[in-house]
Amino acid sequence: MLEFAADYGLFLLKVATIVAAIAVLIAVGAAAGKRAQAETLEVENLNDKYRDLATSLRRALAGKEARKKLDKEEKARRKAEARAERERPRSFVVDFKGDLKASAVQSLREEVTAILEVAREDDEVVVRLENYGGVVHEHGLAAAQLVRLRDRKLRLIVAIDKVAASGGYLMACVADRVVAAPFAIVGSIGVIAQIPNFNRALETRGVDFEEITAGKYKRTVTMFGKNTDEDRAKLKADLEDVHELFKSVVGRYRPSLDLDKVATGEYWYGTRALELGLVDELSTSDELLAGSSAERDLHRIRFRARKGLKERLASGVDSALEHVDIAAWRRRFESRLPR
């Protein structure tokens, strides 16, 4: 009996130890999570990054004696740069990867604010943009952040490697110069609303749907009620109004465009977009930045915002919806590619 009690006590002690260890791990993880979620502004020198990549490749290809020589030359170069007092013009590089709600605008507004505080007259901003479009007012706010740079007379370049469509092009058109890769997708200057309607399904199951509103147009097209031609006409008029606002922004910043020709909701690849005047140059962002690194100091700016549990969960839902939407886009694009 005593032996059993001793074994049982030892078992309980082991369990308590394991539970305590798990509790410590959870506490440490939570603390690390809080630290990771702190708001920070990260700055990366891209000149150093490009130079280090090239140096690493040269060292890998060189022999033992040649590597020593390279190391000595690199050390001397760094010392010379540290002594130099000349200030070169700077390029602030910002990455914007859009989703349906343009949620990256929360970081973009902070990045723009930081840049405006330190920018000099000969500096410029390069935005590497990837955006399929989405909610109108969210993308309108993102475009407005880029307008802040233009209003302060800072040269703004938007580089499109993959896609800037619909709300994405609303952002891109604000730039002084738009650069696109040859097969980047550009355009889609249009507005769309898609709403499923379950009214007939509800009626067949004997379910009534009631909706009480004040104001004639408080609700037009609905998911569960019966839609009328008047409802559809009002929604169509609203979409046309947003489309006119979209075109007015594009026309303001790219006045040479033939809006009747390009504001049809169609999209084009980079080479055709250049012919239409939607972009100014064919180039990848890599080529653009590498080409300017000899004359300019390149600094990549990234603001990391603090996110609570609610925001992270919402971000997960939005991400799932975004993947569905992007998959639909990709099916449309890939269907036009030869196999």
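The values are calculated or read from the model by the stated rules, or taken from the named source; none is laboratory data. Nothing here was measured: the structure is a model prediction, and the numbers come from that model. For neighbour counting, all protein chains shown are included, and Cβ atoms are generated from backbone atoms with ideal geometry for every residue, glycine included.
Within the stretch 41-48, does at least one residue satisfy the condition of being more than 21 Å from LEU156 (Cβ to Cβ) and at pLDDT below 90? Checked against the condition, which is being more than 21 Å from LEU156 (Cβ to Cβ) and at pLDDT below 90, the stretch 41-48 yields at least one hit. Here SER285 fulfils each of the conditions (1) farther than 30 Å from ALA119 by Cα; (2) in contact with an Asp or Glu (Cβ under 9 Å, 6 or more places away or on another chain); (3) at pLDDT 95 or above apart from (1).
Quick check on the stretch 223-245. Is at least one of its residues surrounded by 13 or more Cβ atoms within 10 Å (Cβ to Cβ), outside any helix (DSSP H, G or I) and under 32 Å from the mean Cα position of the chain (by Cα)? No: the stretch 223-245 contains no residue that is surrounded by 13 or more Cβ atoms within 10 Å (Cβ to Cβ), outside any helix (DSSP H, G or I) and under 32 Å from the mean Cα position of the chain (by Cα). The condition of being assigned by TED's automatic domain parsing to the domain that holds HIS139, in contact (Cβ under 8 Å) with a residue 12 or more places away in the chain and acidic (Asp, Glu) holds for only one of GLU295, GLU287, GLU275, that being GLU295. Out of all the residues in the stretch 288-327, which are closer than 22 Å to ARG109 by Cβ, at pLDDT below 90 and either hydrophobic (A, V, I, L, M, F, W, C) or not in a helix (DSSP H, G or I) (or both)? Listed by number, the residues that qualify are ARG304, ALA305, ARG306, LYS307, GLY308, ALA314. Among the residues examined, VAL178 does not qualify as part of a loop (DSSP other than H, G, I, E, B), touching a helix residue (DSSP H, G or I) at 6+ places or on another chain (Cβ under 7 Å) and crowded, with 21+ Cβ neighbours inside 10 Å.
Restricting the first member to the stretch 225-241 and to residues that are under 17 Å from GLY215 (Cα atoms), and the second to residues that are assigned to a helix (DSSP H, G or I) and aliphatic (A, V, I, L, M), no beta-carbon pair is closer than 7 Å while six or more apart or on different chains. Look at the stretch 145-170: where a residue is buried (at least 24 other Cβ atoms within 10 Å of the Cβ) and a partner is part of a helix (DSSP H, G or I) and polar (S, T, N, Q), sitting 6+ places away or on another chain with Cβ atoms under 9 Å, you get ALA159/SER285; ILE160/SER285. Based on what the data block shows, is VAL207 surrounded by 11 or more Cβ atoms within 10 Å (Cβ to Cβ), in contact (Cβ under 8 Å) with a residue 60 or more places away in the chain and not assigned by TED's automatic domain parsing to the domain that holds ASP280? No: the conditions fail for VAL207.
Within the stretch 263-279, the set of residues being farther than 20 Å from ASP161 by Cα and more than 24 Å from the chain's Cα centre (by Cα) comprises just one member, THR264.
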